[in-house]
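Heads up: the structure comes next, in structure tokens.
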Amino acid sequence: MRRYGRVIGLKPEGVVLYERLHSDPWPDVVAALQRAGIYNFTIYRYRNLLFSYFEYHGNDLAADEARMAADPRVKEWLELCNPLQEPLAERQPDEWWMVIPEVYHSD
């Protein structure tokens, strides 16, 4: 298992809709996350920044995320959520959410 932290901007006009969508996530999308080996997925918001944390149980996160993104229900979900987000300029060219390093962890 590997832990991931990621960050992305949230457009001010998107806060209400983004939080409403995530207050009742679609079961198909949650199931797709689990099929991809992604568990304990959490999103926090601080002003217009979103921070996500998840635990990945697999061997190839990029391939698992690509399979998940190909799911029709996940595509529909992302068509609603992605326009509300604002990727950070510092991210890598292949990132939507910018991966941030883990500094400390304690169980």
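Laboratory data are not the source of any read-out in this text; all were calculated from the coordinates shown. Predicted, not measured: the structure shown is a model, and the values here were computed from it. All Cβ positions, glycine included, derive from the backbone under ideal geometry; neighbour counts span all protein chains shown.
With θ taken as phi - 60° and the Karplus curve 6.51 cos²θ - 1.76 cosθ + 1.60 applied, the whole-hertz 3J(HN,Hα) list for the range 70-77 is 7, 5, x, 5, 5, 4, 4, 4 Hz, x standing for glycine and proline. Close amide H contacts of Ile100 (hydrogens built in the peptide plane, cut-off under 5 Å, sequence separation of 5 or more or a different chain): Gly5, Arg6, Val7. Using the Cβ-Cβ distance between Thr42 and Asp107 with R0 set to 22 Å, the FRET efficiency from 1/(1 + (r/R0)^6) comes to roughly 0.85. Share of pairwise Cα-Cα distances greater than 23 Å in the chain is 25 percent (whole percent). Note that the range 30-37 has calculated 3J(HN,Hα) couplings of 4, 5, 5, 4, 5, 4, 7, x Hz, one per residue in order, obtained from phi through the Karplus relation 6.51 cos²θ - 1.76 cosθ + 1.60 (θ = phi - 60°); glycine and proline are x.
Fewest-first ordering of Met1, Met98, Met68 by other beta carbons within 10 Å of each residue's beta carbon gives Met1, Met98, Met68. Summing charges over all other residues whose Cβ lies under 13 Å from the Cβ of Asp71, with Lys and Arg as +1 and Asp and Glu as -1, gives -1. Net length available on complete extension from Phe51 to Ala66 is 3.3 nm, with 0.36 nm assigned per residue and the Cα-Cα distance removed. Mean residue ellipticity at 222 nm, helices only, the chain: -10000 deg cm²/dmol; runs of at least 4 DSSP H residues each add -39,500 (n - 2.57), and the sum is divided by the number of residues.
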